[in-house]
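Notes follow the structure.
Laboratory data are not the source of any read-out in this text; all were calculated from the coordinates shown. Given the structure is predicted, the values throughout are model-derived calculations rather than measurements. Glycine gets a Cβ as well: all are built from the backbone with ideal geometry, and neighbour counts include every protein chain shown.
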Amino acid sequence: MTQFGDWLYKKRKDRGITQQQLADNSRVSKSYISMLERGTKHPSSGQDVTPSEETVEALAGALFANVNEARLAAGYKASIQEPPGETLLTVYDRKLDIRPAEEKRQRLRDEIRRTMDRLDYLLGCQIEIDNQIHSK
């Protein structure tokens, strides 16, 4: 496996989704995802299959993963907007011009966490619906 293949496999397993579900959510083919995870060599060149930056970002987005972490695993530079390892909360803290009182910050952090929990729930619902559709 390549570094990106390892990263992709781990993130996909952590989310509890299949390659097909990831393919459906990212618009990247299941066979290409499989090639990336296995570290398959390109048939004509014999070199590792390397995803484009757009593909890396699409897969990270579909996995609700840190885009810069994915970019670095694929061998690309991290984007300027979101340094590696940052979360939505630390980006918020860094970009805020006037820091609100600690109480207000905590309320905003809680709201972000609730929103992220709702997104996780909706993704789970989508995966369940996809499973039901594909099992018919």
* Structure fact -> Footprinting proxy, ILE112, ILE127, ILE17: sorted fewest to most Cβ within 10 Å, the residues are ILE112, ILE127, ILE17
* ASP48 long-range amide H proximity, modeled H, under 5 Å -> HIS42
* From phi via Karplus (6.51, -1.76, 1.60), per-residue ³J(HN,Hα) for the range 111-122 in Hz, x at Gly/Pro -> 5, 4, 4, 5, 4, 5, 5, 5, 4, 4, 4, 5
* Structure fact -> For the range 1-83, averaging the sequence separation of alpha carbon pairs under 8 Å that lie six or more residues apart and dividing by its residue count, the contact order in percent is 31 percent
* Structure fact -> Taking N as the residue count of the range 1-83, its alpha carbon Rg divided by 2.2 N^0.38 Å gives 1.01
